[in-house]
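Values in this text are rule-based calculations from the coordinates and carry no lab data. Model, not experiment: these values are computed from the prediction. Here the Cβ is made from the backbone with ideal geometry for all residues, glycine too, and neighbour counts use every protein chain on show.
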Amino acid sequence: MPSPLKVAYFLSRFPRLTETFILREMCLLRDMNVDVQVFSIFPPLPSRTMHQQVQAMLPYTHYSPRLFSTGVLLAQLHFLLRVPIKYLHALWRTVWQASPEPKTCLMALALYPKAVYFARQLQEMGVDHIHAHFVWLNAMAGQVAADLVGIPITLHAHAWDIFRRKPECVRRQLALASGVVTVSEYHRQFLAGLAGNDHSTDIHIVHYGLDPREFTPAAPNRDDHRLRIISVGRLTEKKGFSYLLDACALLAQKGKTFACTIVGEGAQDELQQQVAALRLGECVSLAGEKTIDEIRALYRHSDIFVLPCLVAKSGDRDGMPNVLLEAMAMQLPVVTTPVAGTPELVQDGLNGLLVPERDAQALARAIERLIDESMLRFRLGERARHTILEEYDIHATAAQLAAIFQEMHDFQPVV
């Protein structure tokens with residue numbers, strides 16, 4: 001068997017509960033004989049909930065020491081004495097990438113010595129390729145390491161990292177990378193518009209993926225006759241949870257019997273106040289953050305999945321929420337909005353229902369259809385799982401990613 005390709009994943013923070021999709025990807029790549037090593041810019045935050053797969057990746061996870069530690073200082077000296085021009089050029093490029101965003105620029109400069117430390121580690125480990133999820137600080141750190149060590153780097157663009165940031169910053173980061181990966185045709189066109197000729201042919205679409213064997217449908221096991229609605233996501237504006245609560249109020253006014261559970265980390269106070277104001281306490285609950293195993297159990301006891309995403313006032317939006325893939329794999333009928341790349345996953349009337357964003361009445365009507373029509377629930381759910389099996393199986397998407405890494409490594413010129 002040939003030596004495995006050694007790929008350094010540069011992440012802002014590992015582990016992170018909301019980035020399960022990256023964790024799945026890394027674990028499967030290792031199973032595919034890709035030697036994935038994680039380089040986490042920031043240390044993990046304390047959390048009571050952690051996915052089991054994290055334990056499998058911790059032996060391959062690297063954190064930088066303190067800024068003024070011996071290891072960090074020795075790394076600076078190593079590159080300054082051996083390749084001073086490369087060292088200073090990488091520093092200049094860091095400033096150039098982030099200068100339109102002063103706060104980001106200051107953070108990138110503060111992290112530069114740690115990026116150099118990681119570069120030294122990569123050099124000693126013989127890493128072949130760098131991959132950075134999200135076009136942000138970790139990608140800039142990865143670019144520093146790529147410049148100093150002379151290996152290719154790919155950027156994996158998602159949502160807030162390209163939609164919420166200043167376009168010029170994103171464009172500059174894309175221009176320096178060896179290649180770009182993103183999750184949908186919508187994203188590819190958006191990035192191509194930013195990158196211009198720099199990456200017109202180098203933007204690869206690799207769908208999000210999951211293992212359908214881990215998300216198997218089951219008939220809800222209930223102790224009452226209420227249909228159960230579930231929604232999962234961080235408690236932020238772009239998830240549209242306030243519109244889901246308004247829709248629940250409309251359904252309750254019409255006498256519909258249901259129970260709605262919203263799962264996600266974040267401040268609950270505003271949503272809890274809305275629940276109280278709408279008198280939804282008996283049919284809506286905010287469940288807080290959960291592990292993937294706990295979420296799977298909730299899927300199995302649910303009938304409908306709803307996620308009314310929207311474009312936030314800041315411009316932030318979801319690219320293609322992974323929880324939609326999870327719910328569809330569990331054969332749940334989904335109701336969502338045509339934001340960003342979602343219409344490439346959910347086709348209205350075929351494998352789910354799409355409603356306009358910020359429209360509680362349309363959302364309520366779609367949920368009401370699913371409450372009233374059991375055959376529609378079954379048909380959409382069955383087709384939803386078929387979509388995941390055909391197009392979003394992580395074994396296929398991870399293989400695509402591994403092929404991109406290998407191709408870039410094979411054609412990388414000797415430095």
Burial ordering of Trp160, Trp96, fewest other beta-carbon atoms within 10 Å first: Trp96, Trp160
Fully extended contour minus Cα-Cα distance, from Arg82 to Arg279, at 0.36 nm per residue: 64.1 nm
Could you work out [θ]222 nm for the chain from helices alone, using -39500 (n - 2.57) per DSSP H run of at least four and dividing by all its residues? Round to the nearest 500 deg cm²/dmol. -14500 deg cm²/dmol
Between the helical axis of 20-31 and the dominant principal axis of the chain, each derived from Cα atoms, what acute angle in degrees is found, rounded to the nearest 10? 60
With a ≥ b ≥ c the root eigenvalues of the C-alpha gyration tensor of segment 212-391, is it rounded (a/c under 1.5), prolate (a/b larger than b/c) or oblate? rounded
Using label points projected 7 Å from each Cα along Cα→Cβ, tell me how many nm separate Thr257 and Asp293, to one decimal. 3.4
Amide H neighbours of Gly288 under 5 Å, counting only residues 5+ apart in sequence or on other chains, H built in-plane at 1.01 Å? Gly264
Of the residues Gln121, Gln268, Gln331, which exhibits the maximal mean-square fluctuation in a Gaussian network model of the chain defined by a 10 Å Cα contact cut-off? Gln268
For a quick check: sort Met32, Met328 by the number of other beta carbons within 10 angstrom, fewest at the front. Met32, Met328
Report the residue, chosen from Ala75, Ala157, Ala145, that carries the largest GNM mean-square fluctuation when the chain is represented by alpha-carbon nodes joined by springs under 10 Å. Ala75
Take the alpha carbon gyration tensor of segment 356-415, find the square roots of its eigenvalues, order them as a ≥ b ≥ c, and report rounded if a/c is under 1.5; if not, report prolate when a/b exceeds b/c, else oblate. oblate
Using alpha carbons only, how many degrees (0 to 90, rounded to 10) separate the axis of helix 167-176 from the longest principal axis of the chain? 50
Among His158, Gln406, Asn138, the residue whose Cα sits farthest towards the positive end of the charge dipole of the chain (+1 at Cβ of Lys and Arg, -1 at Cβ of Asp and Glu, taken about the Cα centre) is Asn138
Of Gly319, Met375, Gly240, which is farthest along the charge dipole of segment 212-391 in the positive direction, counting Lys and Arg as +1 and Asp and Glu as -1 at C-beta? Met375
Roughly how big is the chain's charge dipole about its Cα centre, with Cβ charges of +1 (Lys, Arg) and -1 (Asp, Glu), in debye to the nearest 20? 880
A chain fully extended from Glu270 to Leu106 at 0.36 nm per residue, minus the present Cα-Cα distance, gains in nm 55.8 nm
Trp92 to Arg66: extension gain in nm, 0.36 nm per residue of separation minus the Cα-Cα distance? 7.1 nm
Sorted by packing (mean other beta-carbon atoms within 10 Å per residue), highest first, where do 134-142, 110-118, 182-190 land? 134-142, 110-118, 182-190
